[in-house]
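Worksheet: one structure, shown below.
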Ligand code: MRU
């Protein structure tokens with residue numbers, strides 16, 4: 001199944017909190033349940049949460065008791081506010097909600113409006129899959145045969161509706177017969193690399209090695225990495241890139257060692273209304289995500305410690321070799337190239 005899909009009036013999601021131990025599907029019936037699944041990261045990854053939120057609006061449209069268009073629109077705007085507040089950094093969430101509302105605003109008949117909202121959400125989901133496949137083709141062109149690729153977090157089918165962004169590039173290169181090997185960052189604190197990327201690569205039969213996050217610098221310095229491919233949650237107009245915490249460190253060490261660093265994004269992740277990375281809101285997540293782990297059956301930290309848990313960081317554009325999108329690769333100066341691709 002797709003990571004996010006609409007089935008018989010419900011939003012169905014692969015529950016990413018329990019993978020790889022268990023494959024569980026959630027069936028959600030209200031926009032509040034979808035917002036909660038996004039907040040608690042049952043569904044995660046910028047494109048996946050955008051599609052889930054769009055389907056959340058379709059749930060709101062169905063459940064609304066409003067008989068007239070004005071009442072229905074109020075209910076949709078209320079649901080959109082709840083969904084938008086679920087996570088702040090990935091622009092795809094707000095982008096998807098604005099796209100649904102924007103394209104449905106002219107509809108005056110309430111029943112037609114209900115249908116239109118669902119159709120638009122479904123279009124976002126379907127387009128995401130097509131866009132990822134095109135992005136995979138574009139990106140695979142710069143992957144040399146025999147490449148070792150360092151990858152952070154999870155950018156695969158699970159982070160999107162299907163196929164993936166950076167992992168989609170790796171997947172396309174593999175499907176084209178190129179020999180690739182992936183160094184998979186475990187990605188503390190929620191271990192999206194170890195739990196989700198390793199699970200996906202195993203299923204796809206793509207060779208990989210799981211490494212502790214702390215090991216990435218070693219592999220970069222000793223010439224064991226040909227390129228770094230990551231996803232992104234928001235690309236600012238100047239090419240600064242917000243992505244999973246730890247990405248910045250990789251980009252700096254990659255540049256220091258002459259290794260190309262490419263974020264791979266659908267154009268819906270490029271936010272030309274955000275001038276620089278400093279303007280991107282960084283989500284702070286609960287302390288328990290850092291501390292509530294067991295090591296040999298014991299807590300990993302003393303009780304009551306102070307924790308900081310920013311979920312994303314910003315990589316300044318000077319560390320970015322190019323930004324791979326479904327419409328081509330943007331190269332510096334990003335102010336111009338991103339405007340051309342996403343303007
Ligand atoms: O906190 P997460 O797991 O939602 O973070 C995901 C990432 O940082 C991904 O790299 C990003 O969303 C791009 S996924 C195609």
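A few remarks follow.
- Relative contact order %, the chain, counting alpha carbon pairs below 8 Å whose residues are six or more apart: 16
- Shape metrics for the stretch 138-342, restricted to C-alpha atoms - Rg then Dmax, Å: 16.8, 53
- Gap separating the Cα centres of the stretch 95-166 and the stretch 172-240, nearest whole Å: 21
- Extended-chain gain in nm, criterion 0.36 nm per residue less alpha-carbon gap, residue 284 and residue 78: 71.8 nm
- The chain, helix-only ellipticity at 222 nm - DSSP H runs n ≥ 4, -39,500 (n - 2.57), divided by all residues, nearest 500: -12000 deg cm²/dmol
- Compared with the rule-of-thumb size 2.2 N^0.38 Å for a compact globular protein, the stretch 4-133 has a Cα radius of gyration ratio of 1.00.
- Among 59, 13, 204: highest mean-square fluctuation, GNM of the chain, C-alpha pairs under 10 Å: 204
- For the chain, share of DSSP beta bridges that run antiparallel, in % to the nearest 5: 55
- Two-site FRET efficiency, residue 127 against residue 307, from Cβ-Cβ distance with R₀ of 45 Å, rounded to 0.05: 0.70
- Between residue 221 and residue 1, the C-beta separation translates, for a Förster distance of 56 Å, into a calculated FRET efficiency of about 0.85.
- Most mobile of 104, 153, 264 in a GNM of the chain (Cα contacts under 10 Å): 104
- Dimensionless Rg ratio for the chain, taking C-alpha atoms and the 2.2 N^0.38 Å reference: 0.98
- On Cα atoms only, tilt of 247-256 relative to the major axis of the chain in degrees: 30
- Choice from 65, 116, 39 with maximal GNM fluctuation in the chain (Cα, 10 Å cutoff): 65
Coordinate-derived values only; no laboratory data. Computed from a predicted model, the values in this text were never measured in an experiment. All Cβ positions, glycine included, derive from the backbone under ideal geometry; neighbour counts span all protein chains shown.
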